[in-house]
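Every number in this text was worked out from the coordinates using simple rules, so none of it is lab data. The shown structure was predicted, so the numbers you read here are calculated from the model rather than taken from an experiment. Positions of Cβ are backbone-derived with ideal geometry, glycine not excepted, and every protein chain shown enters the neighbour counts.
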Amino acid sequence: MDPSRKRYYRGLFLVAAIYDGVLGIAFTFFYQPVFELLDVTPPESGYIPLLGAFLFVIGVAYFLIYRGDLSRNRDMIFVGTLYKLAYSSVVFVYWAIGDVPHVLFAALFGIADMVFFVLMLECYLYLGRSRPGVVPEPVA
C-alpha cells in the first residue's frame, strides 16, 4: 500500500476514534447538559447512556483499526462502515419524515457519519482490490 494512502486511512480511523469516543463519553456520562444545550428533553430511561456506551465501544474499535494492520482489520472496517451507514440512514429517514427534534443535531451528526461512511467504504473497497491473488478462506 502506498505510504501516503496508509497515513490517510490511519488518520481517518484516528479521527473516527476520537469523534465517537468523545461523543460516547459525552452521551454516557454528560447527556443531560448536551440535551439542555440543544434544548431537547432527553428520555427518562437508560436509552441515551446505552447509546453513548455503544459509541464509545465503536470508538475503541476505530482506534484498534488505526493502530493495527489495515488489511488484517478489513472485517472490522466493514463493521465500522456499516455502523456509520446505520446511524446516518436512521437520521436521514427521521429527518425526511419531520421527526427530528433538533435539525442542527441531525445535520451535524447525520452528515458527519455519512461522510465517514463514504470514506470508510472507499477504504474497505480499496483494501479488497489491493490484495491480488489472495483467495479468501472458506467459512466452515
Place +1 on the Cβ of every Lys and Arg and -1 on the Cβ of every Asp and Glu in the chain, take the dipole about the Cα centre, and give the residue among Ala96, Ser71, Leu50 whose Cα lies farthest towards its positive end. Ser71
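Where does the chain land at 222 nm, in deg cm²/dmol rounded to the nearest 500, when only DSSP H runs of n ≥ 4 count, each adding -39500 (n - 2.57), divided by all residues?
Values: 5 runs with 105 residues, N = 140.
Rounded to the nearest 500, it is -26000 deg cm²/dmol.
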For Rg/Rh (Cα atoms, Kirkwood Rh), several values are listed as [x] 1.19; [y] 0.98; [z] 1.04; flag the one computed from this structure. [z]
Based on the mean of other beta carbon atoms within 10 Å per residue, what is the order of 78-85, 8-15, most packed first? 78-85, 8-15
Taking Val60, Val91 and counting other beta carbon atoms within 10 angstrom, the fewest-first order is Val60, Val91
About its Cα centre, how strong a charge dipole does the range 3-129 have in debye, to the nearest 20, once Lys and Arg get +1 and Asp and Glu get -1 at the Cβ? 900 debye
